[in-house]
Every structure is written in C-alpha cells, then in structure tokens.
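Working notes, beginning with the structure itself.
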Amino acid sequence: MKTYVPSASDIDRKWYVVDATDMTLGRLASEVAKVLRGKNKPVFTPFMDLGDYVIIVNADKIKVTGKKLDQKVYFRHSDYVGGAKFTTLREMLRTKPVRVVEHAVRGMLPKGSLGDKMYTKLHVYAGGEHNHAAQKPEVLTF
C-alpha cells in the first residue's frame, strides 16, 4: 500500500463567507481555523496548505462571554524602552474589531511559514460588505 499525498494540482480551493453577527469569538475562530487549515477535507495532510479562503463579515458584532471585555488584555511593544502598550478587549472592539478576529484566528493556526501561508487566505471586514463578489463565495454556517 502507498500513502496518498495530494499534489499542488489536486488542491481545489473554495471561497466561503461567514457572518459573525452574535457569534462567540473563540468558537468562530476555531471553526474558521479548521477551514483555513483544510481539516474539513478528506485529503487533509498536516504538512501541506490545503485550506480554503474565508471571508468574515460583521466582525464588529461578535460577542464574548464572561468578564472578558474588561479582563482580556492585548499586549504590544514599540521596541523602545518603556514602550509596552496594553489594551482591553472592550477598547479593541470599539477601535479595531477586525484585528480582534484576526488575532484570535491567527493564534489557532500553526506557527511558522505554513501558518503564515494559511493566514493570508483570511479576509475580515467590520461591516457587512466585502469586495470578493467575483470569487462567488459560498455561505459557511457552523
């Protein structure tokens, strides 16, 4: 017996659109990460990028549970001494809701160049409009 490994010509990538209205952030991110990684396909191979493209709309209407709005903190640093910046989830959702969803999905993808390649197939929009109508995306529900 031989193990089947799909080649680049065998990969069939689809476009999906997800409406994030009233969806929980972590549950949305984990399902989207599965599609980006290709785990929803029968030919899934851990070391290859077999995933599909995902468009997330209405990122500003996601919800979180518990006290995360005030207790979850995002960290970034300017590389200067004393340049640490801390931002709560409430503030991030108010100013940059797209970055919140991107950060959640990015953390669930593999680390390294393979994960970077998968992450480029994610497109997040704060409102209900997106500019990928030419790709004819299918609606993806969870």
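Read the figures in this text as sums done on the coordinates, not as results from a lab. Note that the structure is predicted; figures quoted are calculated from it, not measured. All Cβ positions, glycine included, derive from the backbone under ideal geometry; neighbour counts span all protein chains shown.
Inside segment 105-142, residues that are within 23 Å of residue 45 (Cα to Cα) and assigned to a helix (DSSP H, G or I) make up a count of 9. Scanning segment 44-63 for residues being under 30 Å from residue 94 (Cα atoms) and surrounded by fewer than 17 Cβ atoms within 10 Å (Cβ to Cβ) gives a total of 2.
Looking at segment 3-43, which of the residues that are exposed (fewer than 12 other Cβ atoms within 10 Å of the Cβ) and without any contact (Cβ under 8 Å) to a residue 24 or more places away in the chain is farthest from residue 126 (Cα to Cα)? Among them, the one singled out is 3.
Of all residues in segment 53-104, those being farther than 26 Å from residue 17 by Cβ and touching an Asp or Glu at 6+ places or on another chain (Cβ under 8 Å) number 2.
Within segment 118-133, is even one residue of a type in the set (Ser, Thr, Tyr), out of contact with any helix residue (DSSP H, G or I) (no Cβ under 8 Å at 6 or more places or on another chain) and surrounded by 12 or more Cβ atoms within 10 Å (Cβ to Cβ)? Outline the logic, then answer.
Let us first name the residues in segment 118-133 that are of a type in the set (Ser, Thr, Tyr), namely 119-120, 125.
Adding the requirement that they be out of contact with any helix residue (DSSP H, G or I) (no Cβ under 8 Å at 6 or more places or on another chain) leaves 120.
Those still in the list that are surrounded by 12 or more Cβ atoms within 10 Å (Cβ to Cβ) too: none.
Scanning segment 118-133, I find no residue that is of a type in the set (Ser, Thr, Tyr), out of contact with any helix residue (DSSP H, G or I) (no Cβ under 8 Å at 6 or more places or on another chain) and surrounded by 12 or more Cβ atoms within 10 Å (Cβ to Cβ), so the answer is no.
For segment 62-76: of the residues being in a loop (DSSP other than H, G, I, E, B) and not aliphatic (A, V, I, L, M), which is farthest from residue 30 (Cα to Cα)? Per the criteria, the residue is 67. Of the listed requirements (1) over 30 Å from residue 4 (Cα atoms); (2) buried (at least 17 other Cβ atoms within 10 Å of the Cβ); (3) out of contact with any strand residue (DSSP E or B) (no Cβ under 8 Å at 6 or more places or on another chain); (4) not hydroxyl-bearing (Ser, Thr, Tyr), residue 66 misses just one: (2).
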